[in-house]
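Asker: Dropping the structure in here first, questions after.
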Amino acid sequence: MIEKALPEIPCSDLIRSVGASVPATAAILAFGGDLRKLSHGKQLLRKAGLNLAERSSGKYKGQIKLTKRGNSLLRKHLYFTVFHLLSFNGAFQAMHVHNTEVKRMTKMQSMMKLIGKLARILVALAREGQAFSPDKAQPPLAA
């Protein structure tokens, strides 16, 4: 039923061009709203509760962690979409390898960074109306 209704929703074909599955595309559009109205990918991350905040008080200097004050289902589907893209999308695989080997991030840090990258890509695709191009999403060359 979702597969029949999804082509009628604006921007669904653009999200599918990245490599997101049909249920993930439907969930991102349902919980994220109209991506064309967002000005930056950070707004989508904030809806998902993936923005950073420092947990501290007047006397205590805390760590910077995810707020998790957003839609947990949107957060879950963004995570699993990146997990899926790391298996099948060459551009995201190259970015993950660059993050883990060159920048020395842990795999989870790289995943969180790629979720942010995916959010920015999705909002940009929705605003411009262009399909995903793997050539534009390549990591910088190691110097």
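The values are calculated or read from the model by the stated rules, or taken from the named source; none is laboratory data. Keep in mind it's a predicted model, so treat the numbers as computed, not measured. Note that we place each Cβ from the backbone using ideal geometry, even for glycine, and neighbour counts take in every protein chain shown. Accessible surface is based on the protein model in full, side chains and every heavy atom, while ligands, DNA and RNA are left aside. Shrake-Rupley method; radii C 1.70, N 1.55, O 1.52, S 1.80 Å.
Asker: What part of the accessible area of the chain, given as a whole %, is carbon or sulfur when the probe is 1.4 angstrom?
Answerer: After summing per-atom areas, the C and S share lands at 56 percent.
Asker: On to the next question. What does the accessible area per residue of the chain come to in Å², with a 1.4 Å probe and no ligands, DNA or RNA counted?
Answerer: Per-residue value: 62 Å².
Asker: Treat every Asp and Glu Cβ in the chain as -1 and every Lys and Arg Cβ as +1, leave all other atoms uncharged, and give the resulting dipole magnitude about the Cα centre to the nearest 20 debye.
Answerer: On the way: 23 positive and 8 negative charges, 186 e Å.
Dipole magnitude for the chain comes out near 900 debye.
Asker: Let me ask something additional. Cα convex hull of the range 74-143: mean projected area in nm², to one decimal?
Answerer: The directionally averaged projection comes out at 4.9 nm².
Asker: Another question, then. Name the residue, out of GLY19, GLY32, GLY58, whose mean-square fluctuation peaks in a Gaussian network model built on the chain with Cα pairs under 10 Å.
Answerer: Maximum among the listed residues: GLY58.
Asker: When only alpha-carbon atoms are used, what values of Rg and Dmax, in angstrom, describe the range 1-107?
Answerer: Just the Cα atoms of the range 1-107 yield Rg and Dmax of 16.3, 56 Å.
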